[in-house]
Structures are given as C-alpha cells and as structure tokens.
Amino acid sequence: MLYILVRILDFQSHIHLIYTLIHKRAIKMDVTKPTSCWWVVLVALVIALNLATLCNGGVTSKFVRKVEKSIDMHLESDVFSVPTGYNAPQQVHITQGDHEGKAVIVSWVTMHGPGSNTVEYWIDGNYQKLKANGRVTTYKFYNYTSGFIHHCTISNLKYNTKYHYQVGMGHSVRSFWFMTPPEVGPDVPYTFGLLGDLGQTYDSNKTLTHYELNPTKGQAVLFVGDLSYADNYPDHDNARWDTWARFAERSMAYQPWIWTAGNHEIDFAPEIGETKPFKPFTHRYRTPYKSSGSSSPLWYSIKRASAHIIVLSSYSAYGKYTPQNQWIEEELPRVDRNKTPWLIVLMHSPWYNSYNYHYMEGETMRVMYEPLFVQYKVDMVFSGHVHAYERSERVSNVAYNVINGICTPVSDQSAPIYITIGDGGNIEGLANNMSEPQPKYSAYRETSFGHATLDIKNRTHAYYAWHRNQDGYAVEADSLWVFNRYFHPVDESTSS
Ligand SMILES: *[C@@H]1O[C@H](CO)[C@@H](O)[C@H](O)[C@H]1NC(C)=O
Ligand SMILES: *[C@@H]1O[C@H](CO)[C@@H](O)[C@H](O)[C@H]1NC(C)=O
Ligand SMILES: *[C@@H]1O[C@H](CO)[C@@H](O)[C@H](O)[C@H]1NC(C)=O
Ligand SMILES: *[C@@H]1O[C@H](CO)[C@@H](O)[C@H](O)[C@H]1NC(C)=O
Ligand SMILES: [Fe+2]
C-alpha cells in the first residue's frame, strides 16, 4: 500500500512528504523518547522507497489514451481514390537508389496495362527534361494478380537539388517532385521522420497527417516495418497492398521512405499455396541493397547527409555463417564516422521492450549482434512491432555467457538508445499491457499512436522528439538532445 502511494507521487512531493513527517513529529513528540522511534523508522522507509523509485529511473506516461478499436478506412475513402485517366500511374513512391544519395528509385503501378516505363525528370527552374527507363514486374498471390509494377532508378543527380518528375502517358501523366539530400559530410544537418507499423486505419491517417504537419519538417522517412497489414484480410487480400500505397503516396511520392521489412511483409501462407516469403513486399518495394554489398533487399545500408543507416531483417536468418551475419560483420568496420558520424540501425523487432507484447522476440538477434553494436558505438536503434512507444536508456547486456548469471542490462555509454516506435496506428490496435515495475533500462513508455523526428544538427548533437496523435502538431510528448557516441559520448539521459 505505502509503496504504491509513494510510487504515484512525484519527486517533489516525496521531499515534501518527508519534510512534513519530520517536522510534525519533531513538534509533537520528544524525539529523545524511545517510544517515538517508530516515526524514524517510517521516515527511513519512505526515503528508502523513494531512492528505489529514483533508481528505477523510467517514466511510464500518465497520459492514458481512450481505448477504442482501430478500424481500417473503408474502400471508398478519399485516401484510396484512384487517379483519373486511363491506366493512370498510382501508388507512386520513391526511395534512395544508391549508397550516397545521388540516385532515386521511382516506383508506381498501372492497373490496365504496362503503359510507359519511362520517368521524365528535370531540375526545378530548368526545363531541360531527362529520361530514364525502368522495368515492369507483376506477381500472383493465390487468386490475386497484381497490376503492372514499375521500378525506375534515376542516377547521377545533383546533391541538394529540387527535381520534378513525371510518370504515365497521354492524358494520364502525373507529376511529383523531390529534394535530393546534401552531399555526405560530418556536419551536414538533416531531419529524418520515424514511422512504423502504419497500416491503413483512421489512426494511420492521423499519424501520417501529424508527420506531414509537424513544424519540424522531416526530409526522409525511416520506416521500421509493417506497411499495409493486408495479411490480416482473408487470403492476405493483396488489394489492400494497393490501397495502402494509394494512401501513403501523398508522402512517399515526395520524399524517400527507407524500408525495413516487418513480419507483416512475410506473407507466408502455405494453406493457400503461397510459400515464398516477402513476395508482395519485394515486388512492390525496392531497396538499393547491391550498392552496400548486400545479397538481399531485406538488409542493406545507405549514407544520407551525416548519417549511416543500417537496415536489418528480423525475419531472415542472422545466425553465425548466414549471409546477413557475414554482411553486418563486414559492414560495421566500413562505417567511417569522420564522414557519417551518426550510426543508426533500423530493425522491426525490438531488443529492449518492456510491454507484454512480443516480449523477448528480439532476444536471439540481440544475443548475436549487441556486442557489435556496443563495439562500433551505434548511436540509435529504431524498431517497431510493439504497437506503442518506448525509449530506453543507453544500456547493454553483453556480459552474460550462459553460466555466469550476469544477465541484467547495465548502463553503458557505448550502447545505443533503443526506440520502439511501432505506434503508426494499424488495425491490430494498441499495446497497453506493460511489465511492472518499469525496468531500469526503460526511460519512457506510453501507449499512444504517434511518430518521431530525428533532427541532426552537426557531428555532436541531434534533437529527437516523439509526438502523440492527440496533441497539437507542434507538441512533443517525449524529447531528448542525443549526443553522438563517436564525437561527443557524454551521458544525455534524463533520469540518471
Ligand atoms: C485523411 O487525412 C487527410 C489529411 O488530414 C484528410 O484530408 C482525409 O479526409 C482523411 N481521410 C480519412 C478517410 O480519414
Ligand atoms: C478470391 O477468392 C475469394 C474466396 O476464396 C473470393 O472471395 C475473392 O473474391 C476472390 N478474389 C478474386 C480476385 O478472384
Ligand atoms: C498482461 O500480461 C501478463 C503477462 O503476459 C498477463 O499475465 C496478464 O494477464 C496481462 N494482463 C491483462 C490485463 O491482459
Ligand atoms: C552543434 O549543434 C549544437 C546544437 O545546435 C550546438 O549547441 C553546438 O554548438 C554545435 N556544435 C558546433 C561545433 O557547431
Ligand atoms: Fe510487427
């Protein structure tokens, strides 16, 4: 009882409580009398519990979101509307197309025929049009046949330049634009948006709107996996892959989304004869994996401005001797922090997660790769999967070796901050069951939908902020100045 009472009071009220107790007792009683020593014990107890609370460190947000179902937007919703014109390109999206940011992969779907494979593009204000040709692919999934999926890489772009581009032909041409990133360099500012587990509910639409209207303008999205949730429909109704891309086009046609594969991308359904994992995802979404020496589109790296971003696959083999393991062991020594000080890792399944959902699902990968992350001083790791928000302290758990019993995460200034941001708003709803008490490694956690931004300022400082959908667009519910682990490895934690 007393413990619970103490837990719900904040730090100031603890001090006040202790002070009041001492004060009142000192007045009412003669403290030298042996009979009055019970209150000394009480005060000592309160102090001890108070210290225990402080050492616990973490904050479980007091914000309680109304529990209601997340419902997919109905098929006639405005966000799913098909562009006008015969065979008009739809589901337009872009992603980085090379290792350094001088290429862009443009993708789109035409429903009635292959149409044109060509992207026409030009620098803003300069009407000399350039052309690039892409390829078209289709796939079948049970009784669904995809439209014509086009992918076209445009290369040799100028850095930090606004390009217009258009796809389609005749009366169905559609035009978009994007900004290329600045040239890679150690002090180049850049702002990433962070989204995960988005789905296509009314909440998903709110999350995307909040990201778009956030006054901290994200320039590219780091997407931590689980896109459409089409696999929640009977026979993984792949038409919901199409609706999802029509919905997200309003952002992903104008800025690159950097893809991570989640469990909802696996689409493994032997009961309907679909046994090739990641079939819809890999046909629809491309990644520039070859330019980082990877043998699979599911794990790769890119450099963008002052960041080196490594994308891992939680759902591909990662044990010793596997292609992914071999790649990460070669990739980490290649990272040049003097060119890209910020080392960021994306993966779907979190390693440090104190919700009672997907608990310890990331554990086997943590055992494999955490020593590398600490050795190479990864700055931040972003994951999704758990439909809530959580930020960790800088901790590691690398001492354990099966027999020594040293299995508690410890504070470690060479370790990354782990962020779970699977709070995009999908049909499966929120994760609201947390382990109690909040573990020491957990700095902040909250069951709400939202998104985050990572605003890199220079080689030492980045400003990180998480936004919940219930607040105004500018409101930051959790924020932190993040200090670079290579150039400024100072403890930035809020609760130590
Ligand atoms: C989705 O959000 C956009 C932008 O806020 C809005 O215009 C649109 O009506 C919303 N659609 C649905 C179905 O909620
Ligand atoms: C696929 O089969 C399901 C029933 O198994 C049916 O409801 C659906 O309409 C079919 N879809 C197509 C595109 O034929
Ligand atoms: C929360 O999760 C724990 C551990 O899995 C479980 O024992 C408990 O019943 C859950 N509580 C609710 C309210 O679902
Ligand atoms: C890096 O950015 C931070 C935050 O804006 C600023 O305080 C600091 O002075 C900058 N460092 C340098 C070397 O400019
Ligand atoms: Fe997931």
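For segment 341-374, how many residues meet the condition of being in a helix (DSSP H, G or I) and among the acidic types (Asp, Glu)? Number of matching residues: 2. Within segment 157-212, being within 16 Å of ligand 4 (Cβ to nearest atom) and farther than 30 Å from residue 450 by Cα holds for one residue alone: 185. Checking the stated criteria, residue 399 turns out not to satisfy the condition of being open to solvent by less than 10 Å² (accessible area, probe 1.4 Å) and of a type in the set (Gly, Ala, Ser).
Among the residues making up segment 204-232, those that are under 26 Å from residue 82 (Cβ atoms) and either within 16 Å of ligand 5 (Cβ to nearest atom) or part of a strand (DSSP E or B) (or both) are 204, 207, 221, 223, 226, 227, 228, 229, 230, 231, 232. Residue by residue through segment 439-476, note down the ones that are away from ligand 4 (no atom under 16 Å from the Cβ), of a type in the set (A, V, I, L, M, F, W, C) and either at pLDDT below 95 or over 17 Å from residue 418 (Cβ atoms) (or both). 449, 474, 475, listed by residue number.
Looking at 302, 328, can you tell me which residue is among the β-branched types (Val, Ile, Thr) and surrounded by 24 or more Cβ atoms within 10 Å (Cβ to Cβ)? Before you say what the answer is, go through the steps one by one.
Details: 328 fails: surrounded by 24 or more Cβ atoms within 10 Å (Cβ to Cβ).
Sole residue among the options that is among the β-branched types (Val, Ile, Thr) and surrounded by 24 or more Cβ atoms within 10 Å (Cβ to Cβ): 302.
If you check residue 436 against the conditions, is it away from ligand 2 (no atom under 16 Å from the Cβ), charged (D, E, K, R) and either open to solvent by less than 10 Å² (accessible area, probe 1.4 Å) or in contact with a His (Cβ under 8 Å, 6 or more places away or on another chain) (or both)? So residue 436 does not fit the description; no.
Of the strands (runs of 3 or more DSSP E) lying entirely inside segment 97-137, those containing at least 1 residues that are surrounded by 19 or more Cβ atoms within 10 Å (Cβ to Cβ) span 104-110, 118-123.
When 198, 213 are checked against the criterion of being open to solvent by less than 10 Å² (accessible area, probe 1.4 Å), of a type outside the set (Val, Ile, Thr) and under 20 Å from the mean Cα position of the chain (by Cα), a single residue qualifies: 198.
Collect the residues in segment 233-260 that are within 16 Å of ligand 2 (Cβ to nearest atom) and either surrounded by fewer than 20 Cβ atoms within 10 Å (Cβ to Cβ) or assigned to a helix (DSSP H, G or I) (or both), keeping them in residue-number order. Within segment 233-260, 233, 234, 235, 236, 237, 239, 240, 241, 242, 243 meet the criteria. Only a single item in (1) more than 18 Å from residue 62 (Cα to Cα); (2) among the hydrophobic types (A, V, I, L, M, F, W, C); (3) in contact (Cβ under 8 Å) with a residue 12 or more places away in the chain is not met by residue 402, and it is number (3).
Just one of 297, 280 is open to solvent by 10 Å² or more (accessible area, probe 1.4 Å), within 25 Å of residue 97 (Cβ to Cβ) and either in contact with a helix residue (DSSP H, G or I) (Cβ under 9 Å, 6 or more places away or on another chain) or within 16 Å of ligand 2 (Cβ to nearest atom) (or both); which is it? Quick ask: steps written out before the conclusion?
On the way: 280 fails: open to solvent by 10 Å² or more (accessible area, probe 1.4 Å).
Result: 297 is the single residue among 297, 280 that is open to solvent by 10 Å² or more (accessible area, probe 1.4 Å), within 25 Å of residue 97 (Cβ to Cβ) and either in contact with a helix residue (DSSP H, G or I) (Cβ under 9 Å, 6 or more places away or on another chain) or within 16 Å of ligand 2 (Cβ to nearest atom) (or both).
Looking only at segment 441-464, filter to residues that are touching an Asp or Glu at 6+ places or on another chain (Cβ under 7 Å) and open to solvent by 10 Å² or more (accessible area, probe 1.4 Å); which one of those is nearest to ligand 2 (Cβ to nearest atom)?
444
Only one residue in 129, 62 is within 30 Å of residue 443 (Cβ to Cβ), of a type in the set (Lys, Arg), out of contact with any helix residue (DSSP H, G or I) (no Cβ under 6 Å at 6 or more places or on another chain) and without any contact (Cβ under 8 Å) to a residue 60 or more places away in the chain, so which one is that?
62
The values are calculated or read from the model by the stated rules, or taken from the named source; none is laboratory data. All of these numbers come straight from a predicted model, not from anything done at the bench. Note that we place each Cβ from the backbone using ideal geometry, even for glycine, and neighbour counts take in every protein chain shown. Surface accessibility is based on the protein's heavy atoms, side chains included, excluding ligands, DNA and RNA. Shrake-Rupley method; radii C 1.70, N 1.55, O 1.52, S 1.80 Å.
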